[in-house]
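Below is one structure, written out as structure tokens; the observations come after it.
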Amino acid sequence: MLSKRLQEAINAQVNAEFWSAYLYLSMSVDASDRGDKGIANWFMVQFKEEQAHAQIFMNYLLSRGCKVELAPIAEVKKSWNSAIEAFKETLEHEKKVTSLIHNLYDIAVEDKDYASQSMLKWFIDEQVEEEESAQDIIDQLEKVDDSKLGLYMIDKDLSTRTYTTPAPLVGKE
Ligand code: MG
């Protein structure tokens, strides 16, 4: 059985993942408004991934006989001035999520809860990728600066991103 503290922290993480999904959905519609269709696609895939993250945590709670408690999702920002502003905010947000995941792992270690530590390792690796991909796009956007052709090329590239079910959720959706 999970400790009460860890159950509450994982339930809070479910909410944090749904909030992330909602943030990226907002960034997606905002990018569509600006005419950046590829960037809108990238954030729409991100929206789906965050819902999958929430689902992985919910499945884990259920598999350990714990109650899933869904709390209201707080409001998110509605518009950004530019693509780079949205991606910089994405990176900052993912750094915060990384610290939340690390905190969950710290609790699991203190609790000597080995199953939870094992489950969380996937998320620790996932966060490295999340931060790296946001940073890569920021680097590209900084390189092209105000070039409309450059932004067009990046937008075209980001239009090719497709959603794939994260490994822990395969066969469980
Ligand atoms: Mg996430």
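Bear in mind these aren't lab numbers, they're just calculated from the coordinates by the rules spelled out. None of the values given here were measured: they were computed from a predicted structure. No Cβ is skipped: glycine too gets one built from the backbone with ideal geometry, and neighbour counts run over all protein chains shown.
Over the chain, dividing the summed -39,500 (n - 2.57) contributions of all DSSP H runs of at least 4 residues by the number of residues returns a 222 nm mean residue ellipticity of -26500 deg cm²/dmol.
Comparing Cα centroids, segment 125-173 and segment 1-45 end up 15 angstrom apart. Annotation: peptides 146-154, 54-62, 4-12, 23-31, ranked by per-residue average of other Cβ atoms within 10 Å with the highest first, follow the order 23-31, 54-62, 4-12, 146-154. The lysines whose alpha-carbon is closer than 26 Å to the alpha-carbon of Lys148, local same-chain residues fewer than 8 away aside, are Lys37, Lys77, Lys78, Lys88, Lys156.
Here the mean projected area of the convex hull built on the C-alpha positions of segment 125-173 is 4.2 nm². Only Cα sites of segment 4-162 enter the Debye sum here, all with the same form factor; the resulting log10 I(q)/I(0) across q = 0.08, 0.10 1/Å is -0.26, -0.40, listed in q order.
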